[in-house]
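Chemist: This structure is in structure tokens; I'll ask about it shortly.
Please treat every number below as a calculation from the coordinates, not as lab data. Note that the structure is predicted; figures quoted are calculated from it, not measured. Neighbour counts run over all protein chains shown; Cβ positions are idealised from the backbone, glycine included.
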Amino acid sequence: HVIQLHKLTPLVPPPYELGKFRPAREPHIRAVLMSSTMDSGGAPFPVLAHPYRSPNQGTCAYEIGNTSSRNAVIFIGGLKDGPHTTPYIRTVAKQLEAASELSYSVFEIRMRSSFIGFGTSSLKEDVEDISALVKYLRTLSRENIVLFGHSTGCQDCMEYTHYAKHHSQPVDGFILQAPVSDRESLDIFFPDYQASLDLAAKWVAEGRANDCLPNTMLPGAIGAPVSAYRLQSLFARGGDDDYFSSDLDDETVSRVWGRFKKPVLVLHSEKDECVTDKIDQEALNKRYRDANPLVSSLSGLIPGTGHTVLGDEARQWLAQRVIEFLRTLDK
């Protein structure tokens, strides 16, 4: 992403706006944010940047849509994601702005695990970062706050529900898009993984959990330093991230999905390239619905699209399904 500063004025209290298309409520720093994502066409889009107190020093959340909304969706991306890297959420935000009676805006969060930080972070740290944003939004009198996870962000949503463990700030709903097993996806992009898992397990046992593995022991697609702990968490059976594998036993599925005390929408991508042919996503979606009546009947497969929901038709479908789900929270 390229940030071109158009005007720099003396810094006074936040929030401040990135974008030239509308005035900030308190226009302290103004800029044009250019997305590097090809299918966005590089078009500028405005956001309102919210600095707030968090374990992630100097962090901001970026608000899209009607900044005077009563309610908030917090969008949490996947591995190597950060604010503005998942274009479909802007389609969702635009449709939410049109559905003005719902009064939702979207916040993209920057966490310690954002971009290449995921390899040396953990779900525990993600929950801390997300909970800090929820706490901040409550000070803005936001009423319904919904966590929206994409890919590994879905694992954050699952972990967030463990309130007894993390004492995280309560939220009012969850949306999971592309909940995929990282462990089972190894067969696609890193079939010779066992030696790496063995080394990670050895280092963890030796007290070297936070040491980063040699690049030669990592999948080329990762492109980031990865600690022994995080490799084991993502890719080992029973790792902290192992929420969505198709071979989890019924007791585990019942236990982790039973932690949801608020409604949750689960949307798999019908043609997800991160899922092997042997996995029946429709059956998994039903399994989650059966595990807890709070898993919405609106859950299912996003037709004809892949992991990151490319294509306008699929994005519009997703946005409308999200709106339908959010309507149920007010009933």
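Chemist: For helix 281-291, report the angle its Cα long axis makes with the longest principal axis of the Cα atoms of the chain; keep it between 0 and 90° and round to the nearest 10°.
Modeler: That works out to roughly 80 degrees.
Chemist: Report the gain in length on full extension from ALA201 to SER68: 0.36 nm times residue separation, minus Cα-Cα distance, nm rounded to one decimal.
Modeler: 43.0 nm
Chemist: How high is the relative contact order of the chain, in percent, with contacts defined as C-alpha pairs under 8 Å that are six or more residues apart?
Modeler: Relative contact order here is 14 percent.
Chemist: Further question on the same structure: If you average the C-alpha positions of segment 279-306 and of segment 182-253 separately, how far apart do those two centres end up, in angstrom?
Modeler: Centre-to-centre (Cα) distance: 25 Å.
Chemist: Just to be sure I understand the model, the point goes 7 Å from the Cα along the line to the Cβ. What's the resulting ARG255 to ARG138 distance in nm?
Modeler: Placing both labels 7 Å beyond Cα along the Cβ direction yields 2.8 nm.
Chemist: Could you check the spin-label model distance between GLU324 and ASP290? Points 7 Å from the Cα along Cα→Cβ, value in nm.
Modeler: So the label points at GLU324 and ASP290 sit 2.2 nm apart.
Chemist: Between helix 88-98 and the chain, what is the angle of the helix's C-alpha long axis to the longest principal axis, kept within 0 to 90° and rounded to the nearest 10?
Modeler: Result, in degrees: 40.
Chemist: How far apart, in nm, are the 7 Å Cα→Cβ label points at PHE189 and ALA224?
Modeler: With each label placed 7 Å out from Cα toward Cβ, I get 1.1 nm.
Chemist: With the Cα gyration tensor of segment 205-296 in hand, give its eigenvalues times 5 under a square root as the equivalent ellipsoid semi-axes, listed largest first in whole angstrom.
Modeler: Each semi-axis is √(5λ); the values are 30, 17, 11 Å.
Chemist: Quick check: the angle from helix 312-329's long axis to the longest principal axis of the chain, C-alpha only, nearest 10 degrees?
Modeler: That helix lies at roughly 80 degrees to the long axis.
Chemist: Related question: Pull out the extension gain between GLN57 and ASN215, defined as 0.36 nm times the separation in residues minus the alpha carbon to alpha carbon distance; nm, one decimal.
Modeler: Working: separation 158, 0.36 × 158 = 56.88 nm, distance 2.78 nm.
Result for the pair: 54.1 nm of gain on full extension.
Chemist: For LEU329, LEU123, which order do you get if you count the other beta carbons within 10 Å of each Cβ and list the fewest first?
Modeler: Placing the least packed residue first, the sequence is LEU329, LEU123.
Chemist: Let me ask something else about it. Please rank PHE235, PHE260, fewest neighbouring Cβ atoms within 10 Å first, as an exposure proxy.
Modeler: Taking fewest neighbouring Cβ atoms as first place, the list is PHE260, PHE235.
Chemist: Can you bin every Cα-Cα distance in the chain into 10 Å intervals starting at zero and give me the percent of pairs per bin, rounded to whole numbers?
Modeler: Whole-percent P(r) values from 0 Å outward: 6, 26, 35, 24, 9, 1.
Chemist: At 0.36 nm per residue, minus the direct Cα-Cα distance, what do GLU313 and ASP277 gain on full extension? Give it in nm, one decimal, please.
Modeler: Net length gain for the segment: 10.6 nm.
Chemist: With only alpha-carbon pairs counted, each pair once and no self-pairs, how large is the Kirkwood hydrodynamic radius of segment 52-170 in angstroms?
Modeler: Numbers: mean 1/r = 0.0703 Å⁻¹.
When all Cα pairs of segment 52-170 are included, the Kirkwood radius is 14.2 Å.
Chemist: Would you list TRP203, TRP317 from fewest to most Cβ contacts within 10 Å? Show your work: numbers first, answer last.
Modeler: Values: TRP203 20, TRP317 17.
By the 10 Å Cβ count, ascending: TRP317, TRP203.
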